[in-house]
1. Write down the percent of antiparallel bridges among all DSSP beta bridges whose residues are both part of the chain, to the nearest 5.
2. If the elastic network links every pair of Cα atoms under 10 Å, which of 16, 84, 31 fluctuates the most in the Gaussian network model of the chain?
3. Between 41, 20, 57, which gets the highest mean-square fluctuation from a Gaussian network model of the chain, Cα cutoff 10 Å?
4. To the nearest 500 deg cm²/dmol, what mean residue ellipticity at 222 nm is calculated for the chain from DSSP H runs of n ≥ 4 alone, each contributing -39,500 (n - 2.57), summed and divided by the residues?
5. Considering the values (1) 8.0; (2) 7.7; (3) 8.6, which represents mean projected area of the Cα convex hull in nm² as calculated for the structure under consideration?
6. Taking a virtual spin label 7 Å from the Cα of residue 93 along the C-beta vector, which residues in the stretch 36-63 bring their backbone nitrogen under 19 Å of it?
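A short reminder: the numbers here are calculations on the coordinates, not readings from a lab. None of the values given here were measured: they were computed from a predicted structure. Every residue, glycine among them, receives a Cβ derived from its backbone with ideal geometry; neighbour counts consider all protein chains shown.
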């Protein structure tokens with residue numbers, strides 16, 4: 001039996017190819033809203049970014065996110081994306097720490 005091919009995507013921040021599951025999708029919905037999609041299943045135009053805030057900030061600073069999503073990001077959207085990333089990272093750290101001991 002042939003092993004399953006792992007989908008790879010490029011982070012728009014650091015420009016590294018990584019496994020799709022290791023990245024977070026940033027989506028521009030058909031209505032024009034921009035948000036993080038940890039499930040990777042929401043409809044709309046998407047771009048991938050590493051799960052750390054630095055890659056997201058770099059993608060925003062270098063306007064890579066705007067190019068990929070074909071939209072100009074207003075300041076409040078940039079703030080919301082940064083807050084979403086921080087909340088996501090905090091939740092992941094907490095779940096990792098709480099499932100660590102198991103005793």
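1. Details: 13 of 14 bridges.
Here the antiparallel bridges make up roughly 95 percent for the chain.
2. Greatest mean-square fluctuation among the candidates belongs to 31.
3. Most flexible of the set in this elastic network: 41.
4. -12000 deg cm²/dmol
5. Looking at mean projected area of the Cα convex hull in nm² for this model, the match is (3).
6. 50-58
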